[in-house]
Amino acid sequence: MRNAVALASALLVIATGCISVKGNVDVKDESRDVNAVSHAEPSSVFRHVVLFKFKPGTSDADIEKVRTAFHNLKNGIPTVRNVESGRDVSTEGLQQGFTHCFIVTFDDAAGRDTYLTHPVHQEFVKLAGPYLGQALVVDFVP
């Protein structure tokens, strides 16, 4: 019994030491800091999130046409830094019919403002309009 208590005490000391070592992460080391911003990104970022609910009966080909056109906005509007998109895969059942998400990244709100009124964006709105049942937009600064 005495050996078991000694072993348990030793393991506790070792485990505590490991936890202590892991807990002392140098937050100045950005390679370890999960909240560190990549040096490749400018300090200011502005996100424009767009959710689409397509009209019933919209074909997969038409949805792909809209998705491709959305991605091509970055080629025609200089303030668009990046466009990401994906089809909903949530299992929560809270989508309310929205099936596609697009995230557009700008340097700032002024870049978004340029995008909204840009003729290339206006053409996209005309292209996508007949297929959309509803759109939802949220902008945020991370």
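Throughout, read-outs are computed from the coordinates displayed, never taken from laboratory work. Please read all numbers here as calculations on a predicted model, not as lab measurements.
Inside the stretch 70-95, can you point out the residues that are among the small types (Gly, Ala, Ser) and farther than 14 Å from Phe124 by Cα?
Ser85, Gly86, Ser90, Gly93
Among the residues of the stretch 67-92, which ones are under 17 Å from Leu51 (Cα atoms) and aliphatic (A, V, I, L, M)?
Ala69, Leu73, Val83, Val89
Which ones in the stretch 61-106 are of a type in the set (A, V, I, L, M) and within 13 Å of the chain's Cα centre (by Cα)?
Matches in the stretch 61-106: Val83, Ile103, Val104.
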